[in-house]
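*Asks:* The structure under discussion is supplied below as structure tokens; questions concerning it will follow.
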Amino acid sequence: MVLSPPPQRDLKEIVKALPAKPGVYVFKDVEGKVIYVGKAASLASRVRSYFGSSLSLEGKTRRLRGHVADIDYTVTSSAAEALMLEAALVKRHQPLFNVRLKDDKHYPYLKVDTAEEWPRVYITRRVEKDGGRYFGPYASAGSVRMALDLVKKLFPFRSCNKNITGKDPRPCLDYFIKRCIAPCTAYCTKEEYDEVIAQVLLFLEGRSEEVVRDLRQKMRAASSSMMYEQAARIRDQIKAIERVTEKQTMATTRRGDRDVFGLARSGSDACVFVWFQRGTKIIGSDHFMLEGALDEPDAEVLGSFLKQFYGSAAYIPKAVFIPSAIAERNLIEEWLSERRGSRASVAVPERGQLRQLVASANENAREALEAEKLKRVSDSGKAQLALEQLAAELDLAGPPHRIECYDISNIQGTSSVGSMVVFIDGRPKPAEYRRFRIKTVDGANDFASMAEVLGRRFRRRTGSKDQPERDESFAAEPDLLIIDGGRGQLNAVLDVMRDMGLQHIPVAGLAKRNEELYVQDVSDPIILPRSSEALYLVQRIRDEAHRFAITYHRNVRSKASRRSLLDDVPGLGPKRKKALLSKFGSLQRVREASTEEVAATVGFTAKLAERVKQAV
């Protein structure tokens, strides 16, 4: 039996019937599938805006409107209630046109089941109002397992799920390796076990200083009572906790209860990284992948994430710091405050340590996004698909086995360097990466710098007058050459390749702005589909070339900044320079000294002293 799609309703009549009240609206396609969920202070005016003149609509909204076949809506008592309902529906339906948490079925949590007589600590994917304490959500099963392993190593609570009667004949192995205090055999009292659980809760809340303080008191009490074995066990536990907390990064000299977020984006994907600060310590971090971010401003991406993240979070901090402003800040603050039970704020730090922490979160988000892209590319099936798609789009003879990508890095024409990265069968081959210090180009001339780099690379492959010996590490010929740049850079490279008789090697220029590929003899750029594996591959290759070039450029610039005027003085070697600076203390004092005073330095002559004075 074939089910026919639901009958299509008249959208104009639905829109006319919408009330001017707050609520949530749901767009569905012809098959009845939810494709977008939104909220509004006035359902009538908000939904009507989707069906006005297409000239006034953004690209994503125009595409969305073309798929809408039906509209449902729910009236709410307030905008804050609409916000909560919107987040719940996005989580449930994962609509194609919404910004949404990737693979968001049920994120894992740590649960301390305090409603039990002998509480356990375990992983769960559901938060229920059952009297237990929940910590999370964590981005992955790996993240939450690491957290569980850590608290299990530090605190001796039970990990079994047996019925505790205190009458077991002997404890399990956990007792002997000091991972449990064995309530099953009545080796501990109920009060002693509850103290362990209280310590677990304090630690997970980020209050490790209180845990250590209480343990020190118990250690001293045990020692005073001559219970030296127990005191030694507590001492070891204190040391273990202190080792863990020492690794937690100091966030700020000011105490705080805050979550600090960073954002990175690439095409339709985005990554949000979060630092969890409690007191003066960063007690944890995590990152979350988002989908559906294409054509959405940062304000919308961040706002959508915060609603979905805190819609299921077990704990709401006093302050939330984000890298850029969001449109619904006041409404989200009101909602978070209601969930927290006291004032919660959302802000963009402008300066100081908090601004640095946000910048660090942004950098970590970029690294996590790059790792996710590399993971996708590294998958053998997807890598092969990406190469096949790339070959079809660029009209290559076949999937490119060896791809080389080049980038130039400098600051206002200084310390210019070039990079060459190599991908074999869609995977990076770091052993074949090469870097070049630009030698023949003055100033910021990326065209000439790229020409120099490629000329040196291919001359080393075959040998030349300037490079008489062939370099075997450059022997392989690429099946595709990618440069970071648009039409201008491409034309400069094609000239070089022609001059060296290498015009048979396909070359493509990848422009950053719209991720467009420029190739020879094709006037219009090639735009790869936003969701294609080929686009992920070329972005990853380009980004890797850029990273490699930037790293080398920073090293070169750092060495140049450490050079002294004394380095260029003939006859002044490291030992004499060290003797000179040891005597005078600084270059400024050498400059102020007389020639005779310089000449009196150990190892110096009058002529060398004159050369030093001329140089400084």
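*Asks:* Would you check if there is a residue in the range 320-330 being more than 24 Å from Leu85 (Cβ to Cβ) and in contact with a Lys or Arg (Cβ under 7 Å, 6 or more places away or on another chain)?
*Replies:* Checking the range 320-330: at least one residue is more than 24 Å from Leu85 (Cβ to Cβ) and in contact with a Lys or Arg (Cβ under 7 Å, 6 or more places away or on another chain).
*Asks:* Next up: Among the residues of the range 81-106 satisfying the criterion of being touching a strand residue (DSSP E or B) at 6+ places or on another chain (Cβ under 8 Å) and part of a loop (DSSP other than H, G, I, E, B), which is surrounded by the most Cβ atoms within 10 Å (Cβ to Cβ)?
*Replies:* Asn98
*Asks:* Output yes when any residue across the range 338-352 is more than 24 Å from Met84 (Cβ to Cβ), more than 16 Å from the chain's Cα centre (by Cα) and not in a loop (DSSP other than H, G, I, E, B), and no when none is.
*Replies:* Scanning the range 338-352 turns up at least one residue that is more than 24 Å from Met84 (Cβ to Cβ), more than 16 Å from the chain's Cα centre (by Cα) and not in a loop (DSSP other than H, G, I, E, B).
*Asks:* Let me ask you something else. How many residues are assigned to a strand (DSSP E or B) and over 32 Å from the mean Cα position of the chain (by Cα) if we restrict to the range 28-47?
*Replies:* Matching residues across the range 28-47 total 1.
*Asks:* Might you let me know whether the range 152-160 holds any residue that is surrounded by 17 or more Cβ atoms within 10 Å (Cβ to Cβ) and among the polar types (S, T, N, Q)?
*Replies:* no
*Asks:* Would you tally the residues in the range 71-80 being closer than 18 Å to Ile14 by Cβ and buried (at least 18 other Cβ atoms within 10 Å of the Cβ)? Outline the logic, then answer.
*Replies:* Within the range 71-80, the first condition is being closer than 18 Å to Ile14 by Cβ, and the residues that meet it are 71-75.
Adding the requirement that they be buried (at least 18 other Cβ atoms within 10 Å of the Cβ) leaves 71, 73.
So the count comes out to 2.
*Asks:* Among the residues of the range 193-244, how many are crowded, with 16+ Cβ neighbours inside 10 Å and in contact with a strand residue (DSSP E or B) (Cβ under 8 Å, 6 or more places away or on another chain)?
*Replies:* Residues meeting the conditions: 8.
*Asks:* Filter the range 346-395 down to the residues that are surrounded by fewer than 15 Cβ atoms within 10 Å (Cβ to Cβ) and hydroxyl-bearing (Ser, Thr, Tyr) and list them by number.
*Replies:* Ser378, Ser380
*Asks:* So which residues in the range 580-616 are in a loop (DSSP other than H, G, I, E, B), surrounded by 15 or more Cβ atoms within 10 Å (Cβ to Cβ) and either of a type in the set (Val, Ile, Thr) or not assigned by TED's automatic domain parsing to the domain that holds Val569 (or both)?
*Replies:* Thr601, Val616
*Asks:* Examine the range 245-258 for a residue that is within 21 Å of Ala361 (Cβ to Cβ), among the aliphatic types (A, V, I, L, M) and either in contact with a Pro (Cβ under 8 Å, 6 or more places away or on another chain) or at pLDDT 80 or above (or both), and state whether such a residue exists. Break it down stepwise before answering.
*Replies:* Looking only at the range 245-258, we keep the residues that are within 21 Å of Ala361 (Cβ to Cβ), and these are 245, 247-258.
Remaining after also requiring among the aliphatic types (A, V, I, L, M): 250-251.
Filter once more, so that each one left must be either in contact with a Pro (Cβ under 8 Å, 6 or more places away or on another chain) or at pLDDT 80 or above (or both): none.
Looking for residues that are within 21 Å of Ala361 (Cβ to Cβ), among the aliphatic types (A, V, I, L, M) and either in contact with a Pro (Cβ under 8 Å, 6 or more places away or on another chain) or at pLDDT 80 or above (or both), one finds none in the range 245-258, hence no.
*Asks:* Among the candidates Glu191, Glu210, Glu195, which residue alone is acidic (Asp, Glu) and in contact with a helix residue (DSSP H, G or I) (Cβ under 7 Å, 6 or more places away or on another chain)?
*Replies:* Glu210
*Asks:* Exactly one condition in (1) surrounded by fewer than 16 Cβ atoms within 10 Å (Cβ to Cβ); (2) in contact (Cβ under 8 Å) with a residue 60 or more places away in the chain; (3) not basic (Lys, Arg) is not met by Gly292; state its number.
*Replies:* For Gly292, the failing item is (1).
*Asks:* If I filter the range 440-453 for residues that are among the aromatic types (Phe, Trp, Tyr), within 20 Å of Val422 (Cβ to Cβ) and at pLDDT 75 or above, do I get at least one hit?
*Replies:* For the range 440-453, residues among the aromatic types (Phe, Trp, Tyr), within 20 Å of Val422 (Cβ to Cβ) and at pLDDT 75 or above: absent.
*Asks:* Among the candidates Glu128, Glu117, single out the residue that is surrounded by fewer than 16 Cβ atoms within 10 Å (Cβ to Cβ), among the acidic types (Asp, Glu) and within 36 Å of the chain's Cα centre (by Cα).
*Replies:* Residue meeting the stated conditions: Glu128.
*Asks:* So which residues in the range 59-84 are of a type in the set (Val, Ile, Thr) and under 33 Å from the mean Cα position of the chain (by Cα), if there are any at all?
*Replies:* Matches in the range 59-84: Thr61 only.
*Asks:* Looking at the structure I just gave you, is Arg540 assigned by TED's automatic domain parsing to the domain that holds Arg427, surrounded by 13 or more Cβ atoms within 10 Å (Cβ to Cβ), at pLDDT 85 or above and not β-branched (Val, Ile, Thr)?
*Replies:* When the stated conditions are applied, Arg540 passes them.
*Asks:* Would you mind stating whether Gly501 is part of a loop (DSSP other than H, G, I, E, B) and modelled with pLDDT of 85 or more?
*Replies:* So Gly501 fits the description; yes.
*Asks:* Would you please name the residue that is modelled with the highest pLDDT, looking only at residues in the range 477-490 that are surrounded by fewer than 15 Cβ atoms within 10 Å (Cβ to Cβ) and not basic (Lys, Arg)? Quick ask: steps written out before the conclusion?
*Replies:* First, the residues of the range 477-490 that are surrounded by fewer than 15 Cβ atoms within 10 Å (Cβ to Cβ): 477, 487-488.
Next, only the ones that are not basic (Lys, Arg) stay: 477, 488.
Values: Glu477: 88, Gly488: 83.
Filtering the range 477-490 for residues that are surrounded by fewer than 15 Cβ atoms within 10 Å (Cβ to Cβ) and not basic (Lys, Arg), the one modelled with the highest pLDDT comes out as Glu477.
Residue-wise test of (1) of a type in the set (D, E, K, R); (2) part of a helix (DSSP H, G or I); (3) buried (at least 22 other Cβ atoms within 10 Å of the Cβ).
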| site | (1), (2), (3) |
| --- | --- |
| Ser304 | no, yes, yes |
| Gly311 | no, yes, no |
| Tyr315 | no, no, no |
| Pro323 | no, no, no |
| Trp335 | no, yes, yes |
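*Asks:* Looking for whichever is out of contact with any Ser or Thr (no Cβ under 8 Å at 6 or more places or on another chain), outside the structural domain of Arg265 (by TED's automatic domain parsing), of a type outside the set (Ser, Thr, Tyr) and without any contact (Cβ under 8 Å) to a residue 12 or more places away in the chain here; the options are Glu58, Glu116, Glu81, Glu86. Which one fits?
*Replies:* Glu116
The values are calculated or read from the model by the stated rules, or taken from the named source; none is laboratory data. Please read all numbers here as calculations on a predicted model, not as lab measurements. Quick reminder, even Gly has a Cβ in these numbers, built from the backbone with ideal geometry, and neighbours come from all protein chains shown.
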